[in-house]
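Student: Here it is, the structure, as structure tokens.
Computed from the coordinates by the stated procedures, all read-outs in this text should not be read as laboratory data. Predicted model only: the values in this text are computed from it and were never measured. Counting neighbours? That spans all protein chains shown, and the Cβs are built from the backbone with ideal geometry, glycine included.
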Amino acid sequence: MLIVLVHVQVKPDSVEAFRQASIENARNSIQEPGIARFDVIQQNDDPTRFILVEVYRDEAATGLHKETVHYQKWRDTVAPMMAVPRQGVK
């Protein structure tokens, strides 16, 4: 298993749009055979901050995920919503 925590801070006016796009991506992602879990977590005391918890069955699944249409749609949709570049921690 490989766990990736993606830390994201979005612009205040993009919180709801980011949340919806990320939930849609998560719903599609958990259908991938290489993904065991995919959670979207929003911080209570600062709703502009999110953590995406991505649990992959192996390293290869991370690359396959980035090739999916739903990931690419999410990436392109949320890029202008971010206040700072997202940060992934394995």
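Student: Helix by helix through the chain, keep the DSSP H runs that span 20 Å or more along the axis on Cα and average at least 1.0 on Kyte-Doolittle, and give those back in order.
Tutor: None pass (Cα extent of 20 Å or more, hydropathy at least 1.0).
Student: Extension gain Ala60-Val6, at 0.36 nm per residue separation less the Cα-Cα distance, in nm?
Tutor: That pair, Ala60 and Val6, stretches by 17.7 nm at full extension.
Student: When a footprinting reagent is the concern and you count Cβ atoms within 10 Å, what order do Tyr71, Tyr56 take, fewest first?
Tutor: Tyr71, Tyr56
Student: Within a Cβ distance under 15 Å of Arg27, other residues only, what is the Lys/Arg minus Asp/Glu net charge? Write out the running numbers ahead of the final one.
Tutor: Numbers: positive: Arg19, Arg37, Lys73; negative: Glu24, Glu32, Asp39, Glu54.
Net local charge, Arg27 excluded: -1.
Student: While we're on this one: Over the chain, one equal point on each Cα, no solvent: what is log10 I(q)/I(0) by the Debye formula at q = 0.13, 0.15, 0.16, 0.20 Å⁻¹?
Tutor: -0.38, -0.51, -0.59, -0.91
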